[in-house]
Amino acid sequence: MINVLRRWFGSSTITFDPDWEPILLEQFAHWSALDDAELHRMRYLLSRFVHDTSWEAARGMDLTDDVKVIIAAQASLLLLGLEIDEYFDVSSVIVHKSTVRLSGAHRTAGGTMSDSPQRLAGQATPKGPVVLSWNAVRRGARRPEHGQNVVYHEFAHRLDMLDGITDGTPPLGSESASRRWSEVFTPAFERVSSGDSVLRSYAATNTAEFFAVATEVFFNRPHDLVTHEPEIYEQLRGFYHQDPASRLSAPDR
Ligand SMILES: [Zn+2]
């Protein structure tokens, strides 16, 4: 099996371990919604991510295959329809067992500076590491209906950063596409700021957080996004070249 996959991937160094398949089926809800062509590309992308990433475990964390594969699969889902096969300039992925505690000065959601320790599910910094809480990662992979997903969130920030500016607008390829993006996202950002949105209030922090939170809902609760923010859904469908609402069945309500 490994030899066959090696030939498909055209590389002698990247292999999809068949033992990962049951891990994905059991722990990543989105996996069973993917069709054969999507699974083929996903196996390539996530294998590459597992092999190429510099993994670091925070104290008390055991970096098993399960951990790497579940993180890699979710990060890879964002790349599935894009013409890039990897995230650039990610120095490492640092996995904490539970809450990520960071010290040092930082800007709060309200825009002021604070020295108090931060407790986070994850963090992405330009050209630096992506930091993740395994508890939050695992919860997000298994229970998409809750809407939140720290891996989608942090790696959406990394896509946003590809053009060098973390502003909630990833590279779109043309000025007219950027203009249309802004026409749709600006009023939607104002709606979430006034509390009238399907997106959680953290999206109102700034436009970068809005894009990251919208990405979580796009993949986890696409039918809700289609219903409440159809234009945001269309913009994200165009950017990610994916249509999760047609892939996933609508929830029973
Ligand atoms: Zn964020």
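Here's the yes/no breakdown for (1) modelled with pLDDT of 90 or more; (2) within 15 Å of the ligand (Cβ to nearest atom); (3) surrounded by 11 or more Cβ atoms within 10 Å (Cβ to Cβ); (4) of a type in the set (Val, Ile, Thr):
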| position | (1), (2), (3), (4) |
| --- | --- |
| Val93 | yes, no, yes, yes |
| Lys97 | yes, no, yes, no |
| Thr108 | no, yes, yes, yes |
| Gln118 | no, yes, yes, no |
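Does any residue of the range 224-239 turn out to be within 14 Å of the ligand (Cβ to nearest atom) and assigned to a helix (DSSP H, G or I)?
no
What is the one condition in (1) part of a loop (DSSP other than H, G, I, E, B); (2) surrounded by 13 or more Cβ atoms within 10 Å (Cβ to Cβ) that Ala250 does not satisfy?
Among (1) part of a loop (DSSP other than H, G, I, E, B); (2) surrounded by 13 or more Cβ atoms within 10 Å (Cβ to Cβ), the lone unmet condition for Ala250 is (2).
Scan the range 215-253 residue by residue and report those that are under 14 Å from the mean Cα position of the chain (by Cα) and free of Cβ contacts under 8 Å to residues at least 24 places away in the same chain.
Residue satisfying the conditions is Leu236 alone.
If you take the residues of the range 184-217 that are within 14 Å of the ligand (Cβ to nearest atom) and in a loop (DSSP other than H, G, I, E, B), which of them is nearest to Arg237 (Cα to Cα)?
The residue in question is Leu199.
Does the range 74-91 hold any residues that are surrounded by 21 or more Cβ atoms within 10 Å (Cβ to Cβ) and out of contact with any Lys or Arg (no Cβ under 6 Å at 6 or more places or on another chain), and which are they?
Gln74, Ala75, Ser76, Leu77, Leu78, Leu79, Val90
Look at Leu172 and say whether it is more than 13 Å from the ligand (Cβ to nearest atom), closer than 20 Å to Gln123 by Cβ and either small (Gly, Ala, Ser) or surrounded by fewer than 22 Cβ atoms within 10 Å (Cβ to Cβ) (or both).
The answer is no for Leu172.
Can you pull out every residue in the range 137-169 that is free of Cβ contacts under 8 Å to residues at least 12 places away in the same chain and charged (D, E, K, R)?
Within the range 137-169, Arg139, Asp163 qualify.
So is Glu216 crowded, with 17+ Cβ neighbours inside 10 Å and of a type outside the set (Ser, Thr, Tyr) or not?
Answer is yes for this residue.
The values are calculated or read from the model by the stated rules, or taken from the named source; none is laboratory data. Keep in mind that this is a model prediction, so the values were computed, not measured. As a convention, Cβ positions derive from the backbone with ideal geometry for all residues, glycine included, and neighbour counts pool all protein chains shown.
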